[in-house]
Structure formats: structure tokens, C-alpha cells
Amino acid sequence: MVKKLELKDKSIIEKYLRLKEHNLSSFSFTNIFIWKDFFRITWEIIGGSLCIFMQDDIGCFMYLPPLGKASPEIISQCFKIMADANSNKSFSRIENVERGDLDFYKSFGLAVKPRTSEYLYLKKDLVSLAGNNYKSKRSAYNYFVKNYKFKLQEFKPDFQDECMDLFKSWLAKRKEKASDSIYQRMLEDNYSTNLLAMKYYKSLNLIGRVVKVQGEIKGYSFGFKLNKDTFCVLFEVTDTDIKGLAQYIFREFVRGLNGFSFINIMDDSGLENLKKVKISYRPVRLEPAYVITRN
């Protein structure tokens with residue numbers, strides 16, 4: 001039976017997500033649920049595997065590969081579901097396939113295409129910021145600490161409106177500097193994902209921090225446990241006029257996370273500027289993701 005994704009589905013979807021350990025941020029209920037304002041998200045059990053589909057005006061695709069013991073028969077049925085929904089059959093695809101599963105898909109003639117990789121860091125490196133590679137990060141962090149009166153706090157639902165006001169201001173500044181229409185659309189899409197994450201903060205088991213500067217919220221960051229060793233930073237928004245604030249909130253947010261060895265800060269969306277920032281923090285490795293299509 002096809003079911004529209006709802007918050008109450010969290011437990012069953014997480015049951016299937018936990019069947020194996022994943023390192024890609026997309027393998028989390030949170031990173032599925034926050035897109036429900038953009039896509040009609042449905043799920044169903046096919047041959048014992050849980051399959052998640054996303055559909056908009058353009059077409060239908062699978063956000064994740066089938067969760068469970070996939071088989072050629074299950075994959076074939078998934079592509080039939082997508083083909084029936086898509087006037088353009090080339091839109092049918094399975095997103096966010098992990099490297100370890102590629103041989104399975106290649107074995108029965110499906111095409112594999114790489115997409116943007118995610119950035120994985122050692123937590124201790126992001127906290128210590130030791131060595132010449134992090135000199136500029138330490139300098140910006142120290143500038144903020146020395147020159148501003150601030151307070152780091154746990155996110156509370158009462159902070160939602162002020163955080164979203166900050167997001168609107170941040171969005172306006174970003175759009176002024178960016179002429180790329182695709183990038184501007186991506187920025188606008190993030191408004192809804194940020195809002196949903198805050199609205200369902202506790203239900204999604206998110207961890208959030210805000211930084212107040214002279215009593216006003218000027219930065220916030222949210223994330224979630226991805227697996228037993230890895231925490232994923234879902235998003236971070238700061239007032240770009242405050243030097244060192246971004247470096248401060250990132251370092252202190254990570255510092256306060258107990259029990260994790262690795263930090264995943266997701267991909268760069270193919271944006272060169274974002275790529276430079278993420279590389280500058282010296283990832284210990286890139287976690288690749290792939291897209292599966294029919295030839």
C-alpha cells in the first residue's frame with residue numbers, strides 16, 4: 001500500500017534505515033521529512049524492502065535505494081512505478097546510492113553516475129584547529145571571541161521566529177551576491193527546510209544551537225546523529241557581517257557533541273564557493289554518492 005509520508009512514519013522508516021550502517025546524510029528520516037513541502041513523498045513496502053519516492057511537477061524519482069534486501073525484481077518494479085508517473089522516462093532514477101552497492105546495480109545492466117560527494121571530518125580536528133592549515137580559522141574564531149559580547153545557547157522553540165528572521169536577512173545578502181538563478185532557487189528552497197526542522201525540532205531528534213550577540217540571535221546551527229560514530233551538521237546560518245561568527249559556532253557546536261568521532265557536513269551542491277569552504281576544513285575523506293538509471 002502506498003502511503004504519504006507523515007511524521008508518525010518516523011519509527012518504521014528508521015527501522016529500515018538501521019538495517020545497515022550508512023555514512024551518507026540522506027539516510028536519515030530528518031533529511032527526508034524536511035523536503036515534504038517541495039515533493040509529494042510516498043513510501044511502500046515492495047518485496048520486503050521499504051521504498052521511498054519523491055514527486056513534483058517534473059516527475060518521480062527514488063530519494064534512496066530500496067531499504068532492505070534489494071533484488072532485480074524489486075528494482076524493476078520501482079522503475080515501473082517511476083515510468084508510469086514520468087512522461088519523460090529519463091527522469092526515473094535512484095538517488096543516493098552508496099559505493100558498496102554499485103556492483104549489485106551494475107550486475108544487471110543499470111547505469112551508474114557519480115553525484116556530489118559529502119565531506120567527512122575528524123571531530124578532533126574541527127575542535128582543535130591545530131596547525132598551519134587552520135591558522136585563518138583560529139584567527140577568525142579568536143577575533144570574534146575577543147571583540148563581541150555573545151552567548152551560546154541550546155535552541156528553544158521560542159527562538160524560531162527570530163531564527164527565521166535571521167535566515168531571511170542571510171538569504172537577501174546571499175542573493176545580492178549571486179547571479180546564478182539555480183543557486184538563488186536553492187537558497188529559497190532552504191527557507192522551508194529550515195522552518196520545518198525548527199517546527200519539528202524535538203520530534204526529529206535534532207540538536208540545535210544559537211549564538212546571541214548583544215542579546216540578538218545572529219547565528220544558528222542544527223544537526224543529527226547519522227550513525228554511532230558520525231554526527232551530521234544539517235545547516236548553519238550566521239550574520240555574515242560579524243567576523244568570526246561562522247568559525248565560532250561551527251567549532252563550538254562540534255565541540256559540544258559527545259560520543260562522535262566523525263562529522264559529516266554534507267555535500268557542496270556543485271557550488272565552487274561552498275566547495276572551497278568545505279575543503280578548507282581539511283576533510284579526512286569524501287563520501288561518494290551515485291545515481292542509478294536505466295540505459
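The values are calculated or read from the model by the stated rules, or taken from the named source; none is laboratory data. Just so it is clear, the structure is predicted and the values come from calculations on it, not from any experiment. Reconstructed Cβ throughout: ideal geometry from the backbone, glycine too, with neighbour counts over all protein chains shown.
Under 6 Å between Cβ atoms, at least 6 apart or on separate chains: pull out the pairs that start in the stretch 151-163 with a residue that is of a type outside the set (D, E, K, R) and end on any residue that is modelled with pLDDT under 95 and surrounded by 15 or more Cβ atoms within 10 Å (Cβ to Cβ).
none
Output the qualifying pairs, or none if there are none: Cβ atoms under 9 angstrom, residues six or more apart or on different chains, first residue in the stretch 241-254 and on the phi > 0 side of the Ramachandran plot and of a type outside the set (S, T, Y), second residue outside any helix (DSSP H, G or I) and surrounded by fewer than 18 Cβ atoms within 10 Å (Cβ to Cβ).
Partner pairs satisfying both residue conditions: G244/Y148.
Condition test on M266, is it out of contact with any strand residue (DSSP E or B) (no Cβ under 7 Å at 6 or more places or on another chain) and hydrophobic (A, V, I, L, M, F, W, C)?
For M266, the condition - out of contact with any strand residue (DSSP E or B) (no Cβ under 7 Å at 6 or more places or on another chain) and hydrophobic (A, V, I, L, M, F, W, C) - is not met.
So, in the stretch 142-175, how many residues would count as being in contact with an Asp or Glu (Cβ under 9 Å, 6 or more places away or on another chain) and assigned to a helix (DSSP H, G or I)? Explain how you work it out, then say what you get.
Narrowing the stretch 142-175 to residues in contact with an Asp or Glu (Cβ under 9 Å, 6 or more places away or on another chain): 152, 162, 166, 169-171, 173, 175.
Imposing the further condition that a residue be assigned to a helix (DSSP H, G or I) reduces the set to 162, 166, 169-171, 173, 175.
Total satisfying the criteria: 7.
May I ask you to list the residues in the stretch 201-212 that are out of contact with any helix residue (DSSP H, G or I) (no Cβ under 7 Å at 6 or more places or on another chain) and crowded, with 18+ Cβ neighbours inside 10 Å? If you could, list the steps in order and put the result at the bottom.
First, the residues of the stretch 201-212 that are out of contact with any helix residue (DSSP H, G or I) (no Cβ under 7 Å at 6 or more places or on another chain): 202, 205, 207-208, 212.
The answer is I207, G208.
Among the residues of the stretch 106-118, count how many are touching a Pro at 6+ places or on another chain (Cβ under 8 Å), more than 14 Å from S26 (Cβ to Cβ) and surrounded by 15 or more Cβ atoms within 10 Å (Cβ to Cβ).
Summing the residues that are touching a Pro at 6+ places or on another chain (Cβ under 8 Å), more than 14 Å from S26 (Cβ to Cβ) and surrounded by 15 or more Cβ atoms within 10 Å (Cβ to Cβ) in the stretch 106-118 gives 0.
Could you run through the stretch 1-32 and say how many residues are under 23 Å from N194 (Cα atoms), touching a strand residue (DSSP E or B) at 6+ places or on another chain (Cβ under 9 Å) and of a type in the set (K, R)?
So the count comes out to 1.
Pick from A111, A130: which is over 20 Å from the mean Cα position of the chain (by Cα) and in contact (Cβ under 8 Å) with a residue 60 or more places away in the chain? If you could, list the steps in order and put the result at the bottom.
Details: A130 fails: in contact (Cβ under 8 Å) with a residue 60 or more places away in the chain.
Answer to the check: A111.
Might you let me know whether the stretch 197-210 holds any residue that is within 24 Å of S169 (Cβ to Cβ), under 16 Å from the mean Cα position of the chain (by Cα) and in a helix (DSSP H, G or I)?
Yes: the stretch 197-210 contains one or more residues that are within 24 Å of S169 (Cβ to Cβ), under 16 Å from the mean Cα position of the chain (by Cα) and in a helix (DSSP H, G or I).
May I ask you to say which residue of D103, D37, D84 is assigned to a loop (DSSP other than H, G, I, E, B) and out of contact with any Phe, Trp or Tyr (no Cβ under 7 Å at 6 or more places or on another chain)? Spell out the reasoning first.
Numbers: D103 fails: assigned to a loop (DSSP other than H, G, I, E, B); D84 fails: assigned to a loop (DSSP other than H, G, I, E, B).
One residue alone meets the criteria, D37.
Report yes if some residue within the stretch 185-192 is more than 19 Å from N273 (Cα to Cα) and part of a helix (DSSP H, G or I); otherwise report no.
First, the residues of the stretch 185-192 that are more than 19 Å from N273 (Cα to Cα): 191-192.
Okay, now just the ones that are also part of a helix (DSSP H, G or I), so 191-192.
Yes, the stretch 185-192 contains a residue that is more than 19 Å from N273 (Cα to Cα) and part of a helix (DSSP H, G or I).
So in the stretch 27-42, with the set limited to residues that are surrounded by 19 or more Cβ atoms within 10 Å (Cβ to Cβ) and among the polar types (S, T, N, Q), which one is farthest from S117 (Cα to Cα)?
T30
Return a yes/no flag: does the stretch 36-43 have any residue that is among the acidic types (D, E), modelled with pLDDT of 95 or more and over 15 Å from R294 (Cβ atoms).
Looking only at the stretch 36-43, we keep the residues that are among the acidic types (D, E), and these are 37.
Right, trim to modelled with pLDDT of 95 or more and you get none.
Looking for residues that are among the acidic types (D, E), modelled with pLDDT of 95 or more and over 15 Å from R294 (Cβ atoms), one finds none in the stretch 36-43, hence no.
Find all pairs meeting these conditions: Cβ atoms under 6 angstrom apart; at least six residues apart or on different chains; first residue within the stretch 170-185 and not assigned by TED's automatic domain parsing to the domain that holds S269 and at pLDDT below 85; second residue aromatic (F, W, Y) and part of a helix (DSSP H, G or I).
Every condition considered, no pair remains.
Could you say whether any residue in the stretch 152-159 is in contact with a Gly (Cβ under 8 Å, 6 or more places away or on another chain), at pLDDT 95 or above, surrounded by 14 or more Cβ atoms within 10 Å (Cβ to Cβ) and at negative phi? Full working, then the answer.
Residues of the stretch 152-159 that are in contact with a Gly (Cβ under 8 Å, 6 or more places away or on another chain), as a first pass: 154-155.
With at pLDDT 95 or above added as a condition, the list becomes 154-155.
Still in the list and also surrounded by 14 or more Cβ atoms within 10 Å (Cβ to Cβ): 155.
If we keep only those that are at negative phi too, we end up with 155.
Within the stretch 152-159, one or more residues are in contact with a Gly (Cβ under 8 Å, 6 or more places away or on another chain), at pLDDT 95 or above, surrounded by 14 or more Cβ atoms within 10 Å (Cβ to Cβ) and at negative phi.
Among (1) part of a helix (DSSP H, G or I); (2) surrounded by 13 or more Cβ atoms within 10 Å (Cβ to Cβ), which single condition is I45 missing?
Condition not satisfied by I45: (1).
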